[in-house]
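Participant: Below are the structure tokens for one structure; questions will follow.
The values are calculated or read from the model by the stated rules, or taken from the named source; none is laboratory data. The shown structure was predicted, so the numbers you read here are calculated from the model rather than taken from an experiment. Positions of Cβ are generated from backbone atoms using ideal geometry, with glycine treated the same way; all protein chains shown enter the neighbour counts.
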Amino acid sequence: MARPQIVIVGGGFGGLAAAKALKNTPADITLIDRTNHHLFQPLLYQVATSALTPSQIGTPIRGILRKQKNTTVILGEVTGVDEAKKCVFVTDADRENVPVSYDYLILATGVTHSYFGHNEFERFAPGLKTLADAVAIRNRILQAFEMAEAEEDPARHRELLTFVLVGAGPTGVEMAAALGVLVRSSLKSEFRRINPTSARIVLVDMAPRVLPPFSEELSKAAKQRLENLGVEVRLGHAVDQIDAEGIIVAGERIVSKTVIWTAGVAPSPAGKWLKAETDRAGRVRVERNLTVAGHLEIFVVGDTASLDRNGKPLPGVAQVAMQQGRYAGKLIHARIVGGSVPDPFSYFDKGNMAVVGKGFAVLESGKVRVSGFGAWLAWAAVHLQFLATSSLRLTVFLQWVWTYVTGQRGSRLIVNHHASEPGAPATDSATRAAVASK
Ligand SMILES: Cc1cc2nc3c(=O)[nH]c(=O)nc-3n(C[C@H](O)[C@H](O)[C@H](O)COP(=O)(O)OP(=O)(O)OC[C@H]3O[C@@H](n4cnc5c(N)ncnc54)[C@H](O)[C@@H]3O)c2cc1C
């Protein structure tokens, strides 16, 4: 009898956990991802602020699964699903919409940025979701300092050295704090015409407090910490406009050449592919066993799935994705080998953490609420533990210790000089003249 065919779309937290759970399943598994790497998104902000290098948070998926002989990894973009014919369509570098058949399908395609209906903001305010995003943002930040150093007109220093982050959730807070640390440590003594510590870092959100998923007490502690790091926190007002000059918030123009979007996310088009019921955000509504209604063979897991617990949707975090991926893998395994089918999915919430600069984090787990150095140590231990390989755990640990002690960063290279990059701070004639005159 032919072995069952299992297709997993997405090699992020959910897809990879599913693949690993199917390690001993007598089936042929095909994992398809449009990138060749599994990305540890929680540390993306550290690449964007030069603390880590891209290769310290991204690992080739086929490397991770090299010993799993029943699994083939394909680099390609899934463009649709035909539930009737039981196949997905895959486009790769030289073929379009090639059908790949499945008996079981797991969709773990994550999310993308959402500009809340203002897609025109994207040109000027890139988001942070992929390694390419992180490197592009790193380039912009470092380039802004380089341009300011070359600029002879001090009046322009202010706009070049104003960094705006839109969205004070965990990503915005972690990124703003990391920028505050960057200007006060590594960059501080390296420039002659400008003073990097004079950089203005503004964190904007329409919510009344930072880190809304955390308790009010921890939000306050995080805000205080941000302010100690020199971050200006502007809450309670949505951004009205983002353009080449910066942003307008509460009627005030903040002139800035570097605006970063750390606000909303939108799910992948999995719901559209399946023509399935979605929640208001567009995530696929799944049953308690993570399948799509009417399709016992199609599972949706992670950020692109919507499942309520106590009347509230499960959060879009790595733990949910990993636990759901593992569950879907185990359920499929049980069905194939005829073992006992697991109980409906139930999420084990281990808590929330966010780091706010060097040696400070907030941690909330059940009734435990902690902030400060102890929480930061816990944050560091947990993040190291969940990196994909032991070599990453070792290099990231060593890098963190080195940076903690010396203030020196992992990678401060500007590696992409695409002048046409949308919204990139363009080298204007005054700057070119200043450079040319040197
Ligand atoms: C900047 C940032 C910081 C975060 N910090 C934290 C944190 O501190 N703690 C926490 O718990 N969570 C954090 N998260 C959220 C966490 O990363 C997500 O919840 C988790 O990645 C979801 O896993 P997933 O498998 O659903 O999706 P992902 O991990 O995003 O994986 C989706 C995969 O699908 C692939 N893919 C998408 N579409 C297609 C397609 N059409 N064809 C082929 N492949 C496709 C993508 O390339 C990707 O590899 C953070 C997220 C971001 C962006």
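Participant: For the range 96-116, what are the residues that are of a type in the set (S, T, N, Q) and away from the ligand (no atom under 11 Å from the Cβ)?
Facilitator: Passing the criteria: Asn97, Ser101, Ser114.
Participant: It is to be established whether one or more residues within the range 117-124 are at pLDDT 95 or above and within 12 Å of the ligand (Cβ to nearest atom).
Facilitator: Among the residues of the range 117-124, not one is at pLDDT 95 or above and within 12 Å of the ligand (Cβ to nearest atom), which makes the answer no.
Participant: Under 7 Å by Cβ, and 6 or more places apart or on different chains, what pairs join a residue from the range 73-87 that is surrounded by fewer than 14 Cβ atoms within 10 Å (Cβ to Cβ) with one that is at pLDDT below 95?
Facilitator: Matching pairs, first to second residue: none at all.
Participant: Are any of the residues in the range 292-310 surrounded by fewer than 24 Cβ atoms within 10 Å (Cβ to Cβ), within 16 Å of the ligand (Cβ to nearest atom) and under 23 Å from the mean Cα position of the chain (by Cα)?
Facilitator: yes
Participant: Under 9 Å between Cβ atoms, which residue pairs at least 6 apart in sequence (or on different chains) link something in the range 305-321 that is under 18 Å from Val292 (Cβ atoms) with a partner that is in a helix (DSSP H, G or I) and charged (D, E, K, R)?
Facilitator: Within 9 Å, the pairs are Val320/Asp303; Ala321/Asp303.
Participant: Need pairs with beta-carbon distance below 7 Å; first residue within 12 Å of Thr112 (Cβ to Cβ) and within the range 261-279, second within 11 Å of the ligand (Cβ to nearest atom) and among the aliphatic types (A, V, I, L, M); sequence gap 6+ or separate chains.
Facilitator: Qualifying pairs under 7 Å: Val265/Val111; Ala266/Val111; Pro267/Val111; Ser268/Val111; Ala270/Leu107; Ala270/Val300.
Participant: Any residue that is more than 13 Å from the ligand (Cβ to nearest atom) and either of a type in the set (Val, Ile, Thr) or within 30 Å of Val164 (Cα to Cα) (or both) - is there at least one of those in the range 61-79?
Facilitator: Yes - at least one qualifying residue is present in the range 61-79.
Participant: Starting from residues that are over 27 Å from Pro4 (Cα atoms) and within 22 Å of the chain's Cα centre (by Cα), keep the ones in the range 276-291 and report whichever is farthest from the ligand (Cβ to nearest atom).
Facilitator: Among those that are over 27 Å from Pro4 (Cα atoms) and within 22 Å of the chain's Cα centre (by Cα), it is Arg280.
Participant: Take the residues in the range 1-52 that are more than 8 Å from the ligand (Cβ to nearest atom) and part of a strand (DSSP E or B); name whichever of them is surrounded by the most Cβ atoms within 10 Å (Cβ to Cβ).
Facilitator: So the residue we want is Ile8.
Participant: Which of the numbered conditions does Phe121 fail, given that it passes all the others? Conditions: (1) part of a loop (DSSP other than H, G, I, E, B); (2) touching a residue at least 12 places away in the same chain (Cβ under 8 Å).
Facilitator: It is condition (1) that Phe121 fails.
Participant: I would also like to ask the following. With respect to the numbered conditions (1) in contact with a strand residue (DSSP E or B) (Cβ under 8 Å, 6 or more places away or on another chain); (2) surrounded by 21 or more Cβ atoms within 10 Å (Cβ to Cβ), which one is the sole condition not fulfilled by Arg138?
Facilitator: Among (1) in contact with a strand residue (DSSP E or B) (Cβ under 8 Å, 6 or more places away or on another chain); (2) surrounded by 21 or more Cβ atoms within 10 Å (Cβ to Cβ), the lone unmet condition for Arg138 is (1).
Participant: Here's something else I'd like to know. Of the numbered conditions (1) without any contact (Cβ under 8 Å) to a residue 24 or more places away in the chain; (2) crowded, with 24+ Cβ neighbours inside 10 Å, Val231 fails exactly one; give the number of that condition.
Facilitator: Of the numbered conditions (1) without any contact (Cβ under 8 Å) to a residue 24 or more places away in the chain; (2) crowded, with 24+ Cβ neighbours inside 10 Å, the odd one out for Val231 is (1).
Participant: Then there is this: Residue by residue through the range 63-83, note down the ones that are acidic (Asp, Glu) and closer than 13 Å to Gly10 by Cα. Give the steps one after another, and end with the answer.
Facilitator: Start the filter on the range 63-83 by keeping residues that are acidic (Asp, Glu), which leaves 77, 82-83.
Residue satisfying the conditions is Glu77 alone.
Participant: Only one of (1) more than 10 Å from the ligand (Cβ to nearest atom); (2) touching a residue at least 12 places away in the same chain (Cβ under 8 Å); (3) surrounded by fewer than 18 Cβ atoms within 10 Å (Cβ to Cβ) is not met by Ile332, so which one is it?
Facilitator: Among (1) more than 10 Å from the ligand (Cβ to nearest atom); (2) touching a residue at least 12 places away in the same chain (Cβ under 8 Å); (3) surrounded by fewer than 18 Cβ atoms within 10 Å (Cβ to Cβ), Ile332 violates only (3).
Participant: Now for a different question. Report, by residue number, each residue of the range 365-387 that is more than 16 Å from Glu174 (Cα to Cα) and surrounded by 20 or more Cβ atoms within 10 Å (Cβ to Cβ).
Facilitator: Leu387
Participant: Between Gly117, Gly110, Gly58, which is at positive phi and buried (at least 18 other Cβ atoms within 10 Å of the Cβ)? Break it down stepwise before answering.
Facilitator: Values: Gly117 fails: buried (at least 18 other Cβ atoms within 10 Å of the Cβ); Gly58 fails: at positive phi.
Of Gly117, Gly110, Gly58, the one residue that is at positive phi and buried (at least 18 other Cβ atoms within 10 Å of the Cβ) is Gly110.
Participant: Output the qualifying pairs, or none if there are none: Cβ atoms under 6 angstrom, residues six or more apart or on different chains, first residue in the range 131-153 and over 18 Å from Val164 (Cβ atoms), second residue hydroxyl-bearing (Ser, Thr, Tyr).
Facilitator: Ala150/Thr431; Glu151/Thr431
Participant: Go over the candidates Ala93, Ala155 one by one and state the one that is out of contact with any strand residue (DSSP E or B) (no Cβ under 6 Å at 6 or more places or on another chain) and away from the ligand (no atom under 16 Å from the Cβ).
Facilitator: Ala155
Participant: Give the number of residues within the range 91-108 that are out of contact with any Lys or Arg (no Cβ under 7 Å at 6 or more places or on another chain), part of a strand (DSSP E or B) and not aromatic (Phe, Trp, Tyr).
Facilitator: Here the count works out to 7.
Participant: I would also like to ask the following. Criterion first (free of Cβ contacts under 8 Å to residues at least 12 places away in the same chain, within 27 Å of His113 (Cα to Cα) and away from the ligand (no atom under 12 Å from the Cβ)) does Gly339 satisfy it?
Facilitator: no
Participant: Which pairs have Cβ atoms under 6 Å, sit 6 or more apart or on different chains, and link a residue in the range 167-186 that is within 20 Å of Arg209 (Cβ to Cβ) and in a loop (DSSP other than H, G, I, E, B) to one that is within 14 Å of the ligand (Cβ to nearest atom) and of a type in the set (Val, Ile, Thr)?
Facilitator: Filtered contacts from the range 167-186: Gly167/Thr262.
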